[in-house]
Structures are given as structure tokens and as C-alpha cells.
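Taking it in order: structure first as C-alpha cells, then the write-up.
The values are calculated or read from the model by the stated rules, or taken from the named source; none is laboratory data. Just so it is clear, the structure is predicted and the values come from calculations on it, not from any experiment. No Cβ is skipped: glycine too gets one built from the backbone with ideal geometry, and neighbour counts run over all protein chains shown. Heads up: the accessible areas ignore ligands, DNA and RNA and are worked out on the full protein's heavy atoms, side chains in. Shrake-Rupley method; radii C 1.70, N 1.55, O 1.52, S 1.80 Å.
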Amino acid sequence: MSNIEIICTACGQESLLKRMPKYDGFKKMGESLTCTSCGHEYADEAEVPFTHQCKPKVFDDSDAPRIAKVFQESEAECLCRHCKHYVVNPFIQRCSRHGKTVEATDTCRNFEKKPVPKL
Ligand SMILES: [Zn+2]
């Protein structure tokens, strides 16, 4: 029988679990699970502080925060021609927000990205 390592909750020692069958007369009643250091008896296996028990994974890969894809617009992309307020007609380009003529390569603080048309 292999030694089962525990960290005893009663004596706090790294210890070994002593597993002994319990009998009531000739009838096996279960097992007694005791600490070999201090003799503390555990009510059942769920209480046994196994050293190598499979601990529930606290961090699962699927729970790992996904690296948010931050869409970083460079300043070069805040051009009027990418702005939803940008209006082009055959003669002038203008900003519908400011009501003024703009250049396609202008930038402004009120830049709002033009929604990408759904194809
Ligand atoms: Zn103990």
C-alpha cells in the first residue's frame, strides 16, 4: 500500500494517512482515515487534506481574460475623409458637423469614424 501524503489539518504537519478498515464485528464498516503524526481521524475522504490531490483549477484557460483587441486608431486615421461628418460633393468637401469646407486630409477633434457600410 502506497503512502498517502497529507498535510494534517489537526497537527499541521506533513504526514501520512493511515487507512485502516473499520469493522463492526466481522462486518466492514468503512475505513478509518487517521494522521500518522497525531492520530487525528478524518470523518471521510473528502476531509482528508491530501497533498497531491487534484485541486480544482482556479484559472482555466478559457477563463483567462482575453487580450482585448484594442482598436487603436492612429492619428493618421482620424482624417476627415474617414469621418462620418465628411460630405463629398463634386465641388467641395465639407464637414457636416462644422458646416465648413474641409480637406480630406484634415483632422479634427470631433472626428467620428464613419460606420463601415455592410456589404
Ligand atoms: Zn496530524
TODO: Lys and Arg at +1, Asp and Glu at -1: add these up for the other residues within a Cβ distance under 12 Å of residue 8 and post the number.
DONE: -3
Open item on the list: I'd like the accessible area for residue 86: 1.4 Å probe, protein heavy atoms, all chains in place, Å² to the nearest 10.
Closed with: 40
Open item on the list: Can you give the local net charge around residue 86? Use residues other than it whose beta-carbon is closer than 14 angstrom to its beta-carbon, Lys and Arg +1, Asp and Glu -1.
Closed with: +3
